[in-house]
Amino acid sequence: MEMKSKEEIRDLVAEMLPEEKAALCSGADDWNTVAIDRLGIEACRVSDGPHGLRMPETDPEKIPDNHNMQAVSFPAECLSAASFDRKLLRQIGETLGKECQARGVQVLLGPGVNIKRSPLCGRNFEYFSEDPLLAGEMASAYVQGIQSEGVGACMKHYLANSQETRRTTISSEVDERTLREIYLPAFERTVKKAQPWAVMASYNRINGIFATEHREYLTDVLRYEWGFDGCVMSDWGATHNRVKAVEAGCDLTMPSAKKTNAEIVEAMESGELEEILVNEACVNVLNMAQRGLSAKRGGKFDYEKDHNFCRRAAEESAVLLKNEDGVLPLERDKSAAFIGKFAVAPRYQGGGSSCINTKTVTSVMDLAEGMEHITYAPGYDGIYPDEKLIAEAEAAAKEADVAVIFAGLPANMETEGIDREHMCMPESHNALIAAVAKVQPNTVVVLYNGSPVEMPWADSVKGILEMYLPGEAVGEATMDLLYGDANPSGRLPETFPKRLEDNPSYLFYGGSRNKVEYREGVFVGYRYYESKKMDVLFPFGHGLSYTTFACSNLKLDREEMIPGELLTVTVDVTNTGDRAGKDVVQLYVAVKECEVPRPVKELRGFEKILLAPGETKTVTFTLDKRDFSYWNDEARCFHMPEGVYEIQIGASAHEVLLSQEIRAKEEPLNLKMTYDMTSLIGDVVKKPSGAAFLDSHLEEMVQGVIASGIAADTVGEMPDLSTMDHAQLSAMTKGMYGQTLSTLQMFLPGVQDFEWAQLLSQLNEE
């Protein structure tokens, strides 16, 4: 298909009949847009993602065996995010793009960019992080990779879609500041850095309005503020009113909604729906389609090559959570008991629309075949403990030098459409680990799960390796990491709390009566735990290596952060161990003082670097005003207040390695404030006329303050005011800053009413 400009596409749309326009704004079926033969318009094919192709089998001979085509299962986003590696995510995108080309897919439905508000969300394995910077950077690289192959990415699920409970009707009740600081930025960053061809509007309502009908976020924010130039499509079945959806900026309803095409036509004819809005929707659909169709290349993809890439991607992302006494890596000449059914049948992908019909899946026991020093015991078979299986596992563990238990979450405990009820692993898994750890001091736990779990046994085992959901090369990747053929370098993209009740959304998650309140506001994940100084199981950003690193020589290129200017931060990182490894350098901006409640720190930069033993590299970060700002509701913008901030280099959100303070200069907001006698003295003094007024009555104010007893604790008996300088007098009045002008009026009886009126007039004119 020949590429057309948007103006040429608009000319094509002008030739379309109303019925054709209405049809084009809906899918032709489950996976294709509408073709219009008379105008040479071809159908565009989309497919489920985000970590592999999930599409119906078209070969009649294969359909009875499995409804979906065979494809490669890549590490789920819960794991790939742990890589903190932009290059790796781009490579994942490129590889997926090539597979799409081979299968005739023009748009892949991914990545999932939603913030992990709670560990309970059944679809968390499809999302990157609790942190919007990490989620946005990983998503941007992924999108760039896919689209470099001439295949479109469809970023989802926009917006505030943080649970599966009542997902089709629930209203996410979220204040503007929380949306702007937590739930919008990952989408914003991806749009601005990668320009995905499509964005998927979610099922839920946002403050009472369905996402597919929310013009403020689909058009005003997404298009006008961020410059999105692609197609907005609905999640499958998320459109409830097609006329309202088109008005709001939802261009494409999926899947087919042929029965409601007449509603669009009637609305255009009656004037209820402006035809220009329908025309623009058609332009956006056609533009997305032609991008993919003009880049059609076909070809084949190499299963083995992609499988091996999955292996490397999983190795680069897995997180070594604990490694007491250097129990890992395992020594090949030492005996090991592999325990747990997941050693034979591992959990490697999530359930629901991202479940891949995988051609080849390896387990650790597939690779252990013929290795005499490795024994196996199933340990469990179901949710509840089996005493016989546990006894067999104990016996195997006693005979070995080390026990490796493979555990986690079965597929039915986390899947699309259903939220988790708790953070616990099955009783059978926990009981097995506890029993084996009692008889074998060298016990290692390998976890296969899509989201955090409670670990009542964490102190009883020496090693914990978090594999998340590593994709089809699960066996090779796990064995490489266990035996040191690969050096773990992943970091947690989310906090592992000690218990579910510690999560900031615990009291509100799930909601009731079709509403869920985001009362924790901006205090999501580590932003909450660090602000509360709360102990967690493993903090955001945590991860160990088989080598060690040291940071030094933190430098800032300026002493003051000024609006409109950039801050450059450099730090040296050295591999102090005896083997090559990758470190993730994390930069946080900590707020030392602020006029509004803010998290004590926020991730503002990260880089992953490879270092040989003894090697030192310098890592550079560039920060701007936004990195020091919060969303000011009154001004409706990000605002950097004056104050002291701290640049922190951390091994995690909790562990600070280096820090240095910097002062930020006030950014004027030019807010129009109305002053009256209820205005606070602290606000009045910020205005020139207010400062001058108070200065002229300073001594009288001090006398009033002392007489009132407000400053009794600090000044004691009445001092000799004549001996005090201006600065001393001013300091004594600060206790009044929280009082109103009407209170001050009592201390200044000599000031006439007209003088107060004159002051208010001046304040309101400035």
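Here, each number is a calculation from the coordinates, and none is a lab measurement. Since this is a predicted model, take the numbers as computed values, not measurements. Glycine gets a Cβ as well: all are built from the backbone with ideal geometry, and neighbour counts include every protein chain shown.
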Kindly identify segment 221-283 as rounded, prolate or oblate by the Cα gyration tensor criterion: order the square roots of the eigenvalues as a ≥ b ≥ c, call it rounded if a/c is under 1.5, otherwise compare a/b with b/c, prolate if a/b is larger, else oblate. oblate
Give the residue from L133, A692, L671 lying farthest towards the positive end of the charge dipole for the chain; charges sit on Cβ (+1 for Lys and Arg, -1 for Asp and Glu) and the dipole is referred to the Cα centre. L133
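Using only C-alpha positions, report the orientation-averaged shadow area of the convex hull of segment 314-531, nm², one decimal.
Its Cα hull, projected and averaged over all orientations, spans 13.2 nm².
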Determine the gain in length on full extension of the stretch Q70-Y737; use 0.36 nm per residue of separation and subtract their C-alpha separation, reporting nm with one decimal. 233.2 nm
Which log10 I(q)/I(0) values does segment 445-586 give at q = 0.13, 0.17, 0.20 Å⁻¹ under the Debye formula, counting every alpha carbon as one identical point scatterer? -0.84, -1.13, -1.26
Taking the highest mean first, how do the peptides 424-433, 442-451 order by number of other beta carbon atoms within 10 angstrom per residue? 442-451, 424-433
Using the 2.2 N^0.38 Å rule of thumb for compact globular proteins, work out how the chain stacks up: its C-alpha Rg over that value, please. 1.09
Using 0.36 nm per residue of separation minus the Cα-Cα distance, give me the extension gain between K334 and D695 in nm, one decimal. 121.9 nm
Tensor-based shape of segment 1-101 (alpha-carbon gyration tensor, a/c under 1.5 rounded, otherwise prolate or oblate): oblate
Mind listing which trypsin sites (Lys or Arg not before Pro) in segment 300-340 are in a DSSP loop and have 16 or fewer other Cβ atoms within 10 Å? K300, R332, K334
Is the shape of segment 17-291 rounded, prolate or oblate, going by the alpha carbon gyration tensor and its root eigenvalues a ≥ b ≥ c, with a/c under 1.5 for rounded and a/b larger than b/c for prolate? oblate
Separation of alpha-carbon centers, segment 81-127 and segment 566-603, rounded to whole Å: 26
Around L293, what is the net charge, scoring Lys/Arg as +1 and Asp/Glu as -1 over all other residues with Cβ under 10 Å from its Cβ? +1
Please report, in cubic angstrom per residue, the volume enclosed by the convex hull of the alpha-carbon atoms of segment 138-297. 117
Calculate how many DSSP beta bridges within the chain are antiparallel, expressed in % of all such bridges and rounded to the nearest 5. 55
Over the chain: helical MRE at 222 nm, DSSP H runs n ≥ 4 each giving -39500 (n - 2.57), nearest 500: -8500 deg cm²/dmol
Show which lysines lie in cross-link reach of K462 when reach means a straight Cα distance below 24 angstrom and same-chain residues fewer than eight apart are skipped. K322, K334, K341, K398, K438, K498, K582
If each K or R counts +1 and each D or E counts -1, the residues other than S140 whose Cβ falls under 10 Å of its Cβ total +4
Averaging sequence separations of C-alpha pairs under 8 Å and six or more residues apart, then dividing by the length of segment 277-391, give the relative contact order as a whole percent. 25
How fast does segment 549-664 diffuse by Stokes-Einstein, in µm²/s, taking the Kirkwood radius from C-alpha pairs at 10 °C and 1.306 mPa s? 106
Just want to confirm a number: the relative contact order over the chain, from Cα pairs under 8 angstrom separated by 6+ residues, in percent. 12
Burial order of peptide ranges 225-231, 15-21 (average beta-carbon count within 10 Å, highest first): 225-231, 15-21
